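These notes are about the structure you will find just below.
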Amino acid sequence: MRWAASGVILRVRGLRPPDASADHPFAPDHLSAQALCAALDAARAAGWDAVSLIEAKRRVAVPGGGQFFVISFEHAWREVLLEAAPMLRARGLPCVIEASRELLEGRDRAWAFELEAALARLDFVEINVRAEMIEVPCGAPAEKRRAFHRLCADLAARPPEDARDVIGRLVARAGLEPGFSVAHYARANDLAAWADDPLCEARIAPEPAFPGGRAPLAPLPALTLPSGLAHAPRPSGPARRLARALTRAGPPSSG
């Protein structure tokens, strides 16, 4: 099947908790639910349709499918279910929530989430560069975000158990409780409450270790929000057009 050039998977990496400070060092890497909905409203006003994954597959099978996108949340964070999903439902917008079975059942940790939290408290980290450990400062907010993305690139090349061991040591060094991230994740019964909602599709899959590790929902171009993320690929074609439409409401990394 040839997929239409006008369809885009809009991947939302994470949402900022309602009580999170806007000056938190990683605030630019997370949308508020309000900022997300404002960006989606701007895209729809520009002629884009938000559709379900099933509708996306139908559109690409026929000529004249128009401009459309599928909203995909990369994780079943509590903020997604409690804040964003109800706001999307009120607008009649479908979405896909990608959940980790291990996290839903409390059997694993959200490692990237814990890495962010550890770096928010630390002033430096050591990163493996060409087989040599170098000390990288992470005192200022911009330094912390750069260190996070450099660490993700380093850890993604390691065996998962080694990468998790590195993050675990950073979490301990930052004085955080191991596994605290599970409290921010939805439980299986939270997701079950949406099971009969035609606008919300939950997809349960194994948890990838780091951002960008999930298999694509479909062979459509993807656009990751917030668009300033270092690991997000530069959008092109329809993803670039959608990015322009979304930012007409203001930078979608603000909120």
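The table below lists the values:
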read-out	value
Unique residue being modelled with pLDDT of 80 or more, out of contact with any strand residue (DSSP E or B) (no Cβ under 7 Å at 6 or more places or on another chain) and surrounded by 15 or more Cβ atoms within 10 Å (Cβ to Cβ) when the list is CYS200, CYS152	CYS152
Residue in segment 93-100 that is within 29 Å of LEU10 (Cβ to Cβ), of a type in the set (A, V, I, L, M) and assigned to a loop (DSSP other than H, G, I, E, B) present	yes
Listing of helices (runs of 4 or more DSSP H) fully contained in segment 103-209 that carry 2 or more residues being under 30 Å from SER52 (Cβ atoms)	111-121, 188-192
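The values are calculated or read from the model by the stated rules, or taken from the named source; none is laboratory data. From a predicted model like this one, the values you see are computed outputs, not experimental measurements. Here Cβ is always computed from backbone atoms with ideal geometry, including for glycine, and neighbour counts include all displayed protein chains.
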